[in-house]
Amino acid sequence: MKRFLPRAALVSSLMLLQVFFAAADDRRLSSAGADFSFTGIGLSCRLKGPEKTFHELLLDADLCGVLQGDSRSPGVRFSYVRGFSFAVSEHDDFTLRWHAGPGVTAGYARDRGASEYGLVAGICGSIGVEFAFRVPVSISVSLMPALATHVRSENGTMKMYLYVNGLVQGLSPRLGIRWRF
């Protein structure tokens with residue numbers, strides 16, 4: 001299992017880069033950057049959708065147990081969110097966009113109170129605000145809870161639990177810094 005984590009991270013990173021470059025060739029990529037929170041660090045890219053919608057792809061290093069010293073390696077999660085801008089306010093120096101949307105998440109991570117890594121799969125959502133400045137940089141603050149299952153092996157038996165860390169992540173604000181195209 002310990003060998004699986006680096007391989008999963010590498011494969012997930014390559015998949016995200018493939019989507020990133022394919023979207024850039026189609027001229028649909030609107031922004032790409034990084035997200036930071038107390039529960040994880042990730043890469044994200046947004047693809048323009050019709051009207052006031054967008055598709056957001058996130059590849060996160062799930063830091064459950066790492067910051068507390070319980071584990072040395074983070075988990076990996078990939079999330080997709082279909083976002084909707086429901087309020088836009090234009091100002092002289094920046095544009096303010098309020099957004100929300102549903103999504104899905106999957107990965108290989110630890111959960112709170114668990115000593116083993118396991119597979120994570122479920123639904124997620126995002127709600128937040130984005131400041132798009134005149135320069136091609138935007139800063140966002142959002143919440144992204146996940147209602148998911150955590151499947152892990154205990155004493156040789158596979159067991160399914162609620163992924164508690166996904167709910168806790170909904171309480172930890174995410175700071176996003178992106179370059180707009």
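Since every read-out is calculated from the coordinates, none of them should be taken as a lab result. A quick note: this is a predicted structure, and the numbers were derived from the prediction, not measured. Note that each Cβ is placed from the backbone with ideal geometry, even for glycine, and that neighbours are counted across all protein chains shown.
Using 5 Å bins from zero, what percent of all Cα-Cα pairs in region 30-153 falls into each bin?
2, 11, 19, 22, 17, 12, 8, 5, 3, 1, 0, 0
Which FRET efficiency value, to the nearest 0.05, is calculated for Ser73 and Leu147 with the Förster distance at 25 angstrom and r the Cβ-Cβ distance?
0.50
Take region 115-181, compute every pairwise Cα distance, and split them into 5 Å bins from 0; I just need the percent in each bin.
Pairs per bin, as whole percents: 4, 16, 19, 15, 13, 11, 9, 7, 4, 2, 1, 0.
Let me check I have the definition right: for region 89-152, take the eigenvalues of the Cα gyration tensor, multiply each by 5, take square roots. What are those semi-axes in whole Å, largest first?
35, 12, 8
Can you tell me how much longer the chain between Glu51 and Leu119 gets when fully stretched, taken as 0.36 nm per residue apart minus their C-alpha distance, in nm with one decimal?
Working it through step by step, the gained length comes to 21.0 nm.
Taking the Cα-to-Cβ direction at Glu90 and at Val104 and moving 7 Å from each Cα, how far apart do the two end points lie in nm?
Those two pseudo-labels are separated by 3.7 nm.
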